Each structure stands twice: as C-alpha cells, then as structure tokens.
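J.: One structure follows; several queries about it will come next.
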Amino acid sequence: MSMVYQSPLRLRLDSAALLSNYRWLREKSGSAACGAAIKANGYGLGAESVMNQLALEGCRDFFVATWEEAQQLEAHLSDDISLSVFHGVRREDMDIALASRARPVLNSAEQIARWKAGGGGPCDVMIDTGMNRLGLSLDGLDMGLFEGLEIDTLMSHLVSADEEHHLNDMQVMLFRDIAKKVTAKRYSLANSAGVCRGEDYAFDLTRPGLALYGGTPHPDCEIFIQPVVAPQAEILQRRTVRGGESVGYGATFIADKTMETATINIGYADGYARIFSGSGAAMKGDARLPVIGRVSMDLVTIDVMNCPDLKEGDWVDLDYDLGYTSLVSGLSQYELLTRLGHRFERYWV
Ligand SMILES: *Cc1c(COP(=O)(O)O)cnc(C)c1O
C-alpha cells in the first residue's frame with residue numbers, strides 16, 4: 001500500500017513549452033549567449049528541474065538572487081555550467097560564497113572590498129544605469145575599484161524594457177560606454193523584455209526569466225511564447241445551492257435560482273489571490289466554470305451548471321493565462337507565477 005501523500009493541488013508544467021520559449025529567446029539573442037534567471041525557485045516552477053532541462057538544451061549561464069538559492073544548485077555547477085548570485089555578498093555570505101563555484105554579482109564598493117579582502121576569485125559586477133536599485137553608480141565611479149578584480153560578466157539591468165520609454169536607449173548607450181572602460185570577459189544587459197527589443201540590447205549574454213516560464217513582457221513576443229504553467233485542483237465536494245442561498249464568507253454571492261456548485265482544493269494560501277473572488281474561473285475542457293463568492297484560504301467555489309458530470313475527485317484547470325489574468329487582477333505576471341505555493345505537486349509533462 002502506498003503511503004505517499006497525493007496532493008489535491010497540482011502544477012502541470014510543460015517541458016516542451018519551456019524549451020521552445022528558451023530556443024526562441026536564444027534565437028532573438030542573436031550572437032549573444034542566452035542564459036536563464038531561475039531565482040525564486042525558478043519563478044515558482046522549481047529551479048533545479050528548470051536548470052537541468054535548460055542545461056540539456058545548451059544553456060550555460062544561470063542566475064539566482066541569494067546564496068541559499070545557489071546552495072541548492074551547487075551540485076549541478078561545473079566548469080561548463082555557471083551560476084551568478086544577483087545580491088552579491090553580505091558579510092554573512094562570505095564563507096559560503098568562497099567555497100562555492102557560483103559567482104557573486106558585486107553591487108557596491110563595500111561588496112567589492114569584501115570580495116577582494118576575502119581572496120576573491122571570479123565575480124560579476126552590476127552597474128546601475130538608471131534603475132537606482134542595485135549596482136555601482138556611474139556618477140563619480142572610481143575605476144580603481146576594478147583593479148585586481150577578475151570580472152567574468154559586467155552587467156546592468158533594464159528599467160522599463162517592456163514599454164516604449166526613453167530610458168531604454170539611454171541605458172544601452174550608458175552601458176556601451178562603461179563596457180568600453182571596464183574589462184570583463186562578457187557584457188550583459190537584457191532581461192526577457194530586453195531580448196524582445198532586439199540585438200542592440202543583447203551584448204554577449206542575455207538573462208531572460210519571465211518569458212521562459214510563459215510570461216509575455218512585450219507585445220512582440222506574445223505569439224511566440226507558449227504557456228508553461230497550469231494550476232489544477234481537485235473537487236472536494238459538489239452541492240446544490242437553492243435560489244436565495246449564499247455561497248462562501250460574507251455571503252457575497254447569492255444564487256438567483258437553484259444551481260450546482262463545486263468546492264475545489266485551492267485558496268489564497270496557495271497563491272490563488274482573493275482578487276479572483278467573483279472574477280476568476282476554472283476550466284473543464286472548453287467549459288468555463290466561474291468562481292463564485294470569496295476565495296477562502298484553502299478553498300474556492302465554482303459554478304458547475306455547465307458540467308453535469310463533474311463530481312468529487314475530478315480535476316479542473318484554473319484559468320491562469322498570465323497576460324489576461326494579470327490584466328484583470330492587477331497582479332503582475334511575475335507575482336502570478338512566484339506566489340504559487342508549496343502545496344502544489346509540481347509535475348512536468
Ligand atoms: C530577475 C532578473 C532578470 C530576469 O528578468 P525577467 O524580466 O524575468 O526576464 C534579469 N536580470 C536581473 C538583474 C534580474 O534581477
């Protein structure tokens with residue numbers, strides 16, 4: 001008898017779509033190598049499996065945010081497979097960083113000094129060209145900082161590549177300029193939206209994240225990027241609700257006639273936001289099953305009038321088209337992906 005817990009909540013992940021998105025981004029990167037941002041557990045999909053699949057497809061450069069994330073991938077690093085840690089090194093990170101094959105992306109004079117004092121080794125460096133978030137400011141930049149640093153990749157990050165914004169051209173110009181002055185093996189600027197903008201943005205190495213996972217940061221890429229992530233939930237109970245009765249907390253939904261509902265195993269604790277109360281939907285094939293009443297912590301009720309045969313134990317897909325869902329919910333495509341919680345059983349097909 002199997003004692004393995006089977007989750008009533010699954011994340012169906014499409015391997016062919018992930019690889020197809022990668023190949024498209026690599027093609028759009030032109031002569032530049034195409035890396036992959038796999039921070040935040042591969043945007044919620046699972047960093048390790050994303051890394052393994054993309055590495056088999058020829059991807060050589062990966063990016064995470066923290067050393068905790070790097071440690072979980074350490075076993076997969078080699079002379080061939082490189083990993084950069086965007087947040088650089090805090091004092092608390094130094095022992096782990098020095099023992100790791102991953103490289104810190106040094107963001108400040110303090111981090112550079114710390115890295116040098118610790119004996120250093122290959123590193124990346126982030127230059128701020130307009131984001132004002134992380135990275136060395138160009139203003140009064142002391143070139144002496146770079147002496148003795150073994151810089152693999154010099155990078156900067158785009159502010160608004162998903163929109164027509166004057167900062168785009170300016171950032172390319174500023175980055176080209178600093179690239180001439182600071183010696184590094186490679187130069188890297190573009191995230192997903194930057195890759196969509198074309199080869200001027202690609203330099204030697206691109207760093208897409210969102211578009212790999214089916215996000216569409218730029219209208220030009222919408223028809224090429226395929227959805228990768230599909231949340232699925234099991235029906236826990238089916239019931240009949242009579243006209244005049246309410247459904248869920250706060251009695252926000254009142255049936256105007258006798259109707260059939262199903263309660264499914266997903267809620268805001270799983271990342272299915274409360275904003276989908278009365279606006280989200282599940283799908284069974286082509287049938288759309290609207291969410292009625294409020295999203296609870298672990299449960300959602302849907303209208304199943306269209307599906308007389310659906311019963312306890314059956315599965316439905318959540319409507320989670322990233323572009324559309326982002327538009328109607330006000331949540332960014334990044335949030336929609338990264339909020340999907342730990343109760344999902346993630347499986348690749
Ligand atoms: C997250 C991140 C990326 C990837 O961005 P997407 O918009 O998801 O493609 C690239 N570079 C840096 C510095 C990042 O923080």
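The values are calculated or read from the model by the stated rules, or taken from the named source; none is laboratory data. Not measured: the values here are computed from a predicted model. Don't worry about glycine lacking a Cβ; one is built from the backbone with ideal geometry, like all the others, and counts go over all protein chains shown. Calculation scope for accessible area: heavy atoms of the full protein, side chains included, ligands and nucleic acids excluded. Shrake-Rupley method; radii C 1.70, N 1.55, O 1.52, S 1.80 Å.
J.: Between Y324 and L236, take the C-beta separation as r, use R0 = 35 Å, and let me know the FRET efficiency to the nearest 0.05.
T.: Numbers: r = 27 Å, r/R0 = 0.76.
According to the calculation, E is roughly 0.85.
J.: Enter the accessible area per residue of the chain (Å², integer; probe 1.4 Å; all protein chains in place).
T.: Details: 16450 Å² over 349 residues.
That works out to 47 Å² for each residue.
J.: Oh, and also: Applying a 10 Å radius around every beta-carbon, put 206-219, 291-304, 87-100 in order of their mean neighbour count, most first. Before the final figure, lay out the partial values.
T.: Details: 206-219: 24.2, 291-304: 21.8, 87-100: 16.4.
So the peptides 206-219, 291-304, 87-100, ranked by packing, come out 206-219, 291-304, 87-100.
J.: Would you compute, from DSSP H runs of 4+ residues alone, the mean residue ellipticity of the chain at 222 nm, taking -39500 (n - 2.57) per run and dividing by the full residue count, rounded to the nearest 500?
T.: On the way: 10 runs with 84 residues, N = 349.
So the calculated ellipticity at 222 nm is -6500 deg cm²/dmol.
J.: On full extension of the chain, what length is gained from A269 through E48, given 0.36 nm per residue of separation minus the C-alpha to C-alpha distance?
T.: 77.2 nm
J.: Measure nothing fancy, just the Cα-based angle from helix 15-28's long axis to the longest principal axis of the chain, in degrees from 0 to 90, nearest 10.
T.: It is inclined by approximately 40 degrees.
J.: So how much slack lies between S78 and M283, counting 0.36 nm per residue of separation and subtracting their Cα-Cα distance, in nm?
T.: Details: separation 205, 0.36 × 205 = 73.80 nm, distance 4.29 nm.
Net length gain for the segment: 69.5 nm.
J.: Give the shape of the chain as rounded, prolate or oblate, defined through the alpha-carbon gyration tensor: a ≥ b ≥ c are the square roots of its eigenvalues, a/c under 1.5 means rounded, and otherwise the shape is prolate if a/b is larger than b/c and oblate if not. Walk me through the numbers before you get to the answer.
T.: Working: a/c = 2.47, a/b = 2.11, b/c = 1.17.
Cα axes put the chain in the prolate bin.
J.: Moving to a separate point now. Would you calculate the separation in nanometres between label points at D95 and S137, each defined as 7 Å from the Cα along the Cα-to-beta-carbon direction?
T.: According to this spin-label approximation, the distance is 3.5 nm.
J.: Around E57, what is the net charge, scoring Lys/Arg as +1 and Asp/Glu as -1 over all other residues with Cβ under 12 Å from its Cβ? Could you put the intermediate results ahead of the total?
T.: On the way: positive: R23, R26, R60; negative: none.
Neighbourhood net charge equals +3.
J.: Of K39/K311; K116/K185; K39/K181, which ones are farther than 27 Å apart at the Cα?
T.: Values: K39/K311 38 Å; K116/K185 18 Å; K39/K181 30 Å.
The answer is K39/K311; K39/K181.
J.: For helix 166-181, report the angle its Cα long axis makes with the longest principal axis of the Cα atoms of the chain; keep it between 0 and 90° and round to the nearest 10°.
T.: 30 degrees
J.: Could you tell me the calculated FRET efficiency between L56 and F224, based on Cβ-Cβ distance and R0 = 30 angstrom, to the nearest 0.05? Mind dumping the intermediate values first?
T.: Working: r = 21 Å, r/R0 = 0.71.
With R0 = 30 Å, the Cβ-Cβ based efficiency is 0.90.
J.: Compute, for C196, the solvent-accessible surface of its heavy atoms (probe 1.4 Å) with the complete set of protein chains present, and express it in square angstrom to the nearest 10.
T.: Approximately 10 Å² of C196 is accessible to the 1.4 Å probe.
J.: Per-residue accessible area for K116 at 1.4 Å probe radius, Å² rounded to 10?
T.: Solvent-accessible area, nearest 10 Å²: 80 Å².
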